[in-house]
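The values are calculated or read from the model by the stated rules, or taken from the named source; none is laboratory data. If you're wondering where the values come from, they're calculated on a predicted model, not measured in any experiment. We place every Cβ from the backbone using ideal geometry, glycine too, and count neighbours over all the protein chains shown. Calculation scope for accessible area: heavy atoms of the full protein, side chains included, ligands and nucleic acids excluded. Shrake-Rupley method; radii C 1.70, N 1.55, O 1.52, S 1.80 Å.
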Amino acid sequence: MFFTYLRRELRRRRKAALVVASGLALGIALVIVVSSVSAGMSRAQDKVLESLYGLGTDMTVTKAASPPGEGETVRRPRFEFDATDGGAGGEGEQQSQDIVMVQGFATLDAATVGTVRAQDGVADAVGGLNVRVMKVNGEFRRGQVEPGERPGGGGGGGGAVRGGGAAFDVDAYTVYGTDVGKPGLGPLTSSKITSGRGFHADETDGEVAVVDSAYAKEQSLEVGDTLTVSGTAFEVVGIATADSAGAAASVYLPLAQAQRLADAENKVTTVYVRAADSQRIDAVKAGIQQNVSGATVTTSADLADTVSGSLSTASDLASGVGKWLSYVVLGAAFLVAGLLTSAAVSRRVREFGTLKALGWRSGRVTRQVAGEALVNGLIGGALGIGLGLAGAWLITAFGPTLTAELGAGAGGGGAGGGGPRLGVGGPGREAASRPLDIALTAPVSLTTLALAVALAVAGGLVAGAFGGWRAARLRPADALRRVG
């Protein structure tokens, strides 16, 4: 009897039911779209952070370089060449020299990695060394003495020196010493091996290298080629491509090799940390700062605060204005649904009064009204989910491309503050402050859909509560007074 009467009444009052369902659908659809856009913003920010941190890294430990004290001088690259004359026709022999220097941060003792790894709440930690290579290659050219008077006049034979000089090319690139024994943690995880292979665990001191695809293209390097760094020939075993628009290190070497080249034995510049529990990151950060003197611990949340650009603006709008707007619209939809249901009950006074006169109790009338409102809410939920999924798809398919930029707070200077800005803990990512293009997506999760269903049920119950309360107050005498 309940379902028969319910079906008949919904069919008879299709327009009123559609109005109530449409209002709820609009509010639910808006909640789905805003929630999915917020999730897309969060995913985009995570992608930006992974381009600096590496996949799975929750925080990094570094130490800021101290400014030079009074009377101290900053170590700067210094090249020394012998101006030998080795070729015919006055041409000098080829000269080449590499300078390898630690880049960006003060070094930490390698034992710091073990200290951090033993910290309560730390699942794993690895060290890395960030160095910069400056390679100068060229030759001195001997000038030619032309017959005639000496420069400035006078006799005595001889002549003026013409031509000569020097021509040198400078190639500066970044090298990152990587712990090859733990390939699942660190900055190389933000790149994908697109040719060749990655490091093997037994290559801790191997003369092998993985080269970033952009640098490989610039230098015409392929898998199997040789890259010489400061006199050591490294076999290129893999080409890596960064997963995001951020710049990666030019070359990745086993940590021990990078330490040897930079004359930084048992030193690291960065410790990459994975927390055992994402809810305890702040506690782990505090513990590391207490146990490692002078360390700067930067979490992904800290770095996220420095993200600016249209991604940050859109994220703020989605999490602030967008959510509040969806709440207001949803609340208004609930209120309108309740008022419309209550008004519909008022128009059915004679009907409900007659049913009570025939023996229906107030509870049965209330359940009937609440059942109708609940079905309206479920219909509105289905429509809202459909509209929300369509809106999320349109945003993903045709949404704008946002930009993200890490502010100065995310960088550290080079030696003496004169180097390029670096991403916190990043492997010499000189372009980390360059805007990154991120495609806006709006992924809809099962949690969001479950929320939509819950809102549909809640909307129906709210409307049913309004209507049921009104119906429970009706008396059979009210119906008799309206019979004319």
Quiz item: Taking segment 352-389 on its own, how many of its residues are open to solvent by 40 Å² or more (accessible area, probe 1.4 Å) and over 30 Å from residue 31 (Cβ atoms)?
Solution: 7
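Of everything in segment 353-380, what is among the aliphatic types (A, V, I, L, M) and not in a helix (DSSP H, G or I)? Give them in sequence order. Before the answer, list the steps.
Within segment 353-380, the first condition is being among the aliphatic types (A, V, I, L, M), and the residues that meet it are 355, 357-358, 365, 369-370, 373-375, 378-379.
Residue satisfying the conditions is 358 alone.
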Quiz prompt | Lone unmet requirement of (1) among the hydrophobic types (A, V, I, L, M, F, W, C); (2) open to solvent by less than 40 Å² (accessible area, probe 1.4 Å); (3) modelled with pLDDT of 75 or more for residue 283 | solution = (2)
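Do we find that residue 177 is of a type in the set (Gly, Ala, Ser), touching a helix residue (DSSP H, G or I) at 6+ places or on another chain (Cβ under 7 Å) and crowded, with 23+ Cβ neighbours inside 10 Å in this structure? Let's see the steps before the verdict.
Numbers: of a type in the set (Gly, Ala, Ser): yes; touching a helix residue (DSSP H, G or I) at 6+ places or on another chain (Cβ under 7 Å): yes; crowded, with 23+ Cβ neighbours inside 10 Å: yes.
So residue 177 fits the description; yes.
Let's see how each residue does on (1) modelled with pLDDT of 90 or more; (2) farther than 27 Å from residue 103 by Cα; (3) within 24 Å of the chain's Cα centre (by Cα):
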| residue | (1), (2), (3) |
| --- | --- |
| 129 | yes, no, yes |
| 150 | no, yes, no |
| 213 | yes, no, yes |
| 216 | yes, no, no |
Practice problem: Say whether the condition of being modelled with pLDDT under 90, open to solvent by 20 Å² or more (accessible area, probe 1.4 Å) and farther than 30 Å from residue 43 by Cα is met by at least one residue in segment 231-243. | Solution: yes
Self-check item: Where a residue in segment 204-225 is aromatic (Phe, Trp, Tyr) and its partner, wherever it lies, is surrounded by 14 or more Cβ atoms within 10 Å (Cβ to Cβ), with Cβ under 6 Å and at least six apart
Solution: 215/250
Quiz item: Of the residues in segment 103-137, how many are within 14 Å of residue 255 (Cβ to Cβ), surrounded by 24 or more Cβ atoms within 10 Å (Cβ to Cβ) and among the small types (Gly, Ala, Ser)?
Solution: 3
Quiz item: Among the residues of segment 182-203, how many are over 10 Å from residue 241 (Cα atoms) and either β-branched (Val, Ile, Thr) or in contact (Cβ under 8 Å) with a residue 12 or more places away in the chain (or both)?
Solution: 14
Practice problem: Answer yes or no: is there a residue in segment 262-269 that is at pLDDT 85 or above, among the β-branched types (Val, Ile, Thr) and closer than 30 Å to residue 135 by Cβ. | Solution: yes
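To keep it simple, each residue is scored yes or no on (1) under 17 Å from residue 124 (Cα atoms); (2) of a type outside the set (Phe, Trp, Tyr); (3) in contact (Cβ under 8 Å) with a residue 12 or more places away in the chain; (4) outside any helix (DSSP H, G or I).
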site	(1), (2), (3), (4)
258	no, yes, yes, no
265	no, yes, no, yes
271	yes, yes, yes, yes
280	yes, yes, yes, no
288	yes, yes, yes, no
297	yes, yes, yes, yes
Quiz prompt | Unique residue being assigned to a loop (DSSP other than H, G, I, E, B), on the phi < 0 side of the Ramachandran plot and at pLDDT 70 or above when the list is 29, 123, 64, 25 | solution = 64
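Which of the residues spanning segment 182-200 are modelled with pLDDT under 90 and assigned to a loop (DSSP other than H, G, I, E, B)? Working first, answer last.
Of all residues in segment 182-200, those modelled with pLDDT under 90 come to 182-192.
Scanning segment 182-200 gives 182, 183, 184, 185, 186.
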Quiz prompt | Output for segment 447-465, where each listed residue is under 24 Å from residue 364 (Cβ atoms) and out of contact with any Ser or Thr (no Cβ under 8 Å at 6 or more places or on another chain) | solution = 457, 458, 459, 460, 461, 462, 465
